[in-house]
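Taking it in order: structure first as structure tokens, then the write-up.
The values are calculated or read from the model by the stated rules, or taken from the named source; none is laboratory data. The structure presented is a predicted model; accordingly, all values stated were derived computationally and were not measured. A quick note on method: Cβ atoms are made from the backbone with ideal geometry, for glycine too, and the neighbour counts reach across all protein chains shown. In case anyone asks, the SASA skips ligands and DNA or RNA and just uses the protein heavy atoms, side chains included. Shrake-Rupley method; radii C 1.70, N 1.55, O 1.52, S 1.80 Å.
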Amino acid sequence: MSTTNPAVPAVPAVPTAPEAPEATRARRTGGDLVVESLAALGARTVFGLPGQHALGIFDALRRSALRYVGLRVENNAGFAADAYARTTHGVAPLLVSTGPGALMTLAALQEAAAGSAAVLAIGSQVPLAGIGGGRHGYLHELTDQSASFRGVVKSVHTARTASQIPSAVADAWASALSAPHGPVWLEIPQDVLLAPVDVPPVAELTVSVPELRPRAELIAAAADRLAGARTPVILAGGGVVRAGAEAELLTLAERLRAPVATTFGGKGAFPWEHPLSLRSWLEDRHTTRFLEDADTLLVVGSGLGELSSNYHTFRPRGRVIQIEADLGKLESNHAALGIHADARQALGALAAAVAERVGEGERESAGSAAADGGADGPDAPEAAVAGLLARVRERIDGQGLDLEQQVLAAVRDALPDEGVSCWDMTILAYWAWSAFDARRPNALHSAQGAGGLGYGFPAALGAAVAEPGRPVLAVSGDGGAMYSIAELATARQYDLPVTWLIVDDGGYGILREYMTDAFGQATATELTRPDFVALAGSFGVPALRTSPERLRTDLAAALASPGPSVVVLPALLRMFAPTHLAP
């Protein structure tokens, strides 16, 4: 008796492919050398999107134990790999094809470079005979494909023969992991990937990534300055999080009783509620002045770029010590005692050296501080921190931004402490950079490095793959959401537990504000949008429309549910007033 539901058309049976001959099934190619090399180096997951020239790699994937996560757009695959690399502190392989497929990754690789994410992008090339600008007319042919990547990634690699593949993969892997972490590009011609190989499978590959240790004389000089400082302050950037140096930072700060501010990339580097925490209000003149007034400012893991310096209005009056793994950022904006080193290595050495100079847990100036009213008096660092945060709060509260603060608080309350959040370039993310408590290190990722739209949702998919079992939140505006809407299919296909909050304000909200402030009215910022709830439903993803009053409850329920979900919040949010334009 038939049990077919007559209301549902029967799905035709998919013909079973004939079993491949033994010789074909046993054949290994250059593509196998790629996936064997990745596995030998410790890769467990790869991201990407197949293309004609790269099929040799993708065919080899089915003969490997690597987990493949395929996205619908190469740029989104790059964002997913970026967040996976940030979350794991490791290398994220990204597999794409030649020409258009390769070029579609550039925006994501720029973000990986700005955020120091170790993405190993492996792309195919036209057949070997077509490389070199000869204009042979191959599909996807570029005069010099690798040239498109040289200004974006850390290094460019090419394997022209099968025997070069394992070493090329290892070299690229080592480059991605060397300090500072960053994306690299490796390309391999189509015919090299498809050609049979008779070498044994790659069983072992090792890479040596040297530790970037600080020079002893620089640590000694920095410790002398900090131990003798009356008002030391620390600015901790993303380099602290990438190095896993949170414990060393806390030890040094408490030993010095030095207030700590974190950059937007350094969210979670220092406990948000600690009495010495200045939090992340860097786009605030009160905070800028506090940093400027320090007689010794320790900047660690930050290049003091545009956002971290309140749009380059920061003018330090005291001495600056800078610890930075990226040599190009060392003293690039301000003169300093520059220490080219890994943040964890340097902070650990510095904490030990300071302890020798001032005694375990005590600052040298504690006696004079007590004479002036006690170590816990009105001039104590903790009191100064509380005073600054009160002034910041008063400034924000005076701007009539209750809705924005309500929405951000609802998001924070709904997201469990163990959760991860990934933020697109949208007004609520700009608020989060300054006002959101990440609750733990390496739990908040955003596109504030390069600033490209579309990061939030595909990055959240990558984070969900990296940390299965943790709830993951993506936050986008309606404009940014349209960059990655196709990845709802990816979320459903892999059943990834990502809740996507889309704040629908009818356009590019932050650009609307910028243009209105600058020119009196906005142009090209208003957008026609789909019904996001219905669109998500068409992918089989549960979705609902909420309000600011229901947001906390609706978002918490979505985050607690298995699999992907979408929450749409129609709301027109505003930014707090900038301070870098004031005299």
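Below is a table of values for the structure above.
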{"read-out": "Long-range tail of P(r) for the range 22-85 (Cα pairs > 14 Å, %)", "value": "60 percent"}
{"read-out": "Global geometry of the range 209-275, whether rounded, prolate or oblate, following the gyration tensor of its Cα atoms and the 1.5 cut on a/c", "value": "oblate"}
{"read-out": "The range 160-304 - convex hull of the alpha-carbon atoms, volume per residue in Å³", "value": "158 Å³"}
{"read-out": "Ellipticity estimate at 222 nm from DSSP helix runs (n ≥ 4, -39,500 (n - 2.57)) divided over the chain, nearest 500", "value": "-11000 deg cm²/dmol"}
{"read-out": "For the chain, size of Cβ-based charge dipole, Lys and Arg +1, Asp and Glu -1, in debye", "value": "540 debye"}
{"read-out": "For the range 65-147, the spread of Cα positions along each principal axis, largest first, Å", "value": "42, 30, 20"}
{"read-out": "DSSP-defined antiparallel bridges as percent of all bridges, the chain, nearest 5", "value": "5 percent"}
{"read-out": "Nearest-0.05 FRET efficiency for Ala65 and His274, computed from C-beta distance (R0 41 Å)", "value": "0.45"}
{"read-out": "Using alpha-carbon coordinates, inclination of helix 74-88 to the longest axis of the chain, degrees", "value": "50 degrees"}
{"read-out": "Listed residue (Ala536, Gly130, Phe457) projecting farthest to the positive dipole end of the chain, Cβ model", "value": "Gly130"}
{"read-out": "Descending semi-axes in whole angstrom, ellipsoid equivalent of the range 63-105, from the Cα gyration tensor", "value": "18, 14, 9"}
{"read-out": "Inter-label distance, nm, simple model (7 Å from Cα along the C-beta direction), Arg150/Glu394", "value": "5.6 nm"}
{"read-out": "Calculated over the range 432-517: convex hull of Cα atoms, volume per residue (Å³)", "value": "109 Å³"}
{"read-out": "Which of Leu350, Pro497, Pro471, positive extreme of dipole for the chain (C-beta unit charges)", "value": "Pro497"}
{"read-out": "Simple spin-label estimate for Asp295 and Thr523 in nanometres, 7 Å along Cα-Cβ", "value": "5.4 nm"}
{"read-out": "Kirkwood estimate for the range 483-534, i.e. one over the average of 1/r between Cα atoms, Å", "value": "13.3 Å"}
{"read-out": "Between the range 265-294 and the range 127-154, the Cα center-to-center distance that results, in Å", "value": "46 Å"}
{"read-out": "Where Rh is the Kirkwood radius over Cα pairs, Rg/Rh for the range 63-212", "value": "0.96"}
{"read-out": "Whole-percent carbon and sulfur share, accessible surface of the range 64-152, 1.4 Å", "value": "53 percent"}
{"read-out": "Most positive-pole-ward Cα, Tyr514, Ile188, Gly359, against dipole of the chain from beta carbon charges", "value": "Ile188"}
{"read-out": "Karplus (6.51, -1.76, 1.60) ³J(HN,Hα), θ = phi - 60°, over the range 210-225, in Hz, Gly and Pro reported as x", "value": "x, 6, 8, 8, x, 6, 4, 5, 6, 5, 4, 5, 5, 5, 4, 5"}
{"read-out": "Within the accessible area of the range 233-360 (1.4 Å probe), percent carbon and sulfur", "value": "47 percent"}
{"read-out": "Along principal axes, Cα extents of the range 432-583, largest first, whole Å", "value": "50, 36, 31"}
{"read-out": "For q = 0.09, 0.11 Å⁻¹, Debye-computed log10 I/I(0) when each Cα of the chain counts as one equal scatterer", "value": "-0.75, -1.06"}
{"read-out": "Dimensionless Rg over Rh [the range 401-455; C-alpha; Kirkwood]", "value": "0.95"}
{"read-out": "Karplus-derived 3J(HN,Hα), 6.51/-1.76/1.60, for each residue of the range 338-351, Hz, glycine and proline x", "value": "x, 10, 7, 6, 5, 4, 5, 4, 6, 5, x, 5, 5, 4"}
